[in-house]
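Below is one structure, written out as structure tokens, with a few remarks after it.
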Amino acid sequence: MRGEEEGKQGTENTPAVTRAVCLCRQAGQAKTLGLRPQNTKTGRMGRMVEVFDFNLITINMVNERNIKEKKGDELIRFKGKYIQATGRRKTSVAQVRLYKNGKGLMQINGLKAGKYFSADKVLVINQPLKLTSHLRDLDFSILVKGGGKSGQAEAIRHGIIRALILFDQNLKKALKAKGWLTRDPRKKERKKPGLKKARRAPQWSKR
């Protein structure tokens with residue numbers, strides 16, 4: 001239900017911000033956040049309704065959500081020896097660290113893989129791990145920079161493949177059969193002066 005606007009003038013103790021009558025869900029949220037009502041007002045059917053500052057409710061809800069998100073995304077601290085490899089694609093460079101005897105954790109630039117990339121990009125990253133059956137027993141700490149999400153995902157895959165080969169040379173044959181070992185050299189060609197793109201010329205007009 002919507003709150004009825006009461007006005008924009010505050011009292012001596014409250015700032016001059018929009019205040020409204022909190023009804024049902026809004027009043028419950030305000031009380032959950034520990035806010036006190038600014039005033040009371042007679043609502044429909046003669047019932048007394050508590051008035052809250054909607055700006056304070058919004059600010060507190062946003063702060064509470066941010067705290068929960070930060071708690072959910074705590075930085076994973078990997079311990080022990082690791083195998084390091086570098087992967088590249090287009091203008092993206094990924095530094096990959098492989099930790100043995102892991103639990104299948106993967107952290108990319110301080111975030112979980114599912115939060116840094118969309119689902120289709122996560123599938124690209126996990127391709128070599130699924131092929132070699134190491135999806136659940138290795139941990140990865142990855143730093144990637146440059147390019148877009150597509151280039152970064154393929155750079156990470158390239159780095160993971162190189163790390164897996166250093167981890168176990170017997171995996172090389174299966175990975176090579178997929179053509180993932182070679183660094184893909186394809187890049188966007190630079191624009192040329194007088195042209196619209198790398199090779200696209202302006203439309204020619206006879207007159």
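Within the stretch 141-178, how many residues turn out to be out of contact with any Ser or Thr (no Cβ under 7 Å at 6 or more places or on another chain), in a loop (DSSP other than H, G, I, E, B) and under 27 Å from Asn109 (Cα atoms)?
2
Please give the number of the condition Glu154 fails out of (1) within 25 Å of Arg77 (Cα to Cα); (2) of a type in the set (D, E, K, R); (3) surrounded by fewer than 17 Cβ atoms within 10 Å (Cβ to Cβ).
Result: Glu154 passes all but (3).
Report the residue count in the stretch 116-138 for those that are exposed (fewer than 14 other Cβ atoms within 10 Å of the Cβ) and either part of a helix (DSSP H, G or I) or among the charged types (D, E, K, R) (or both).
Residues that pass the stated criteria total 6.
If you scan the stretch 89-104, which residues turn out to be surrounded by fewer than 16 Cβ atoms within 10 Å (Cβ to Cβ), in contact with a helix residue (DSSP H, G or I) (Cβ under 8 Å, 6 or more places away or on another chain) and either of a type in the set (S, T, N, Q) or within 13 Å of Val144 (Cα to Cα) (or both)?
Matches in the stretch 89-104: Thr91 only.
Here, each number is a calculation from the coordinates, and none is a lab measurement. Everything numeric here is computed off the predicted structure, so don't read it as measured data. Positions of Cβ are generated from backbone atoms using ideal geometry, with glycine treated the same way; all protein chains shown enter the neighbour counts.
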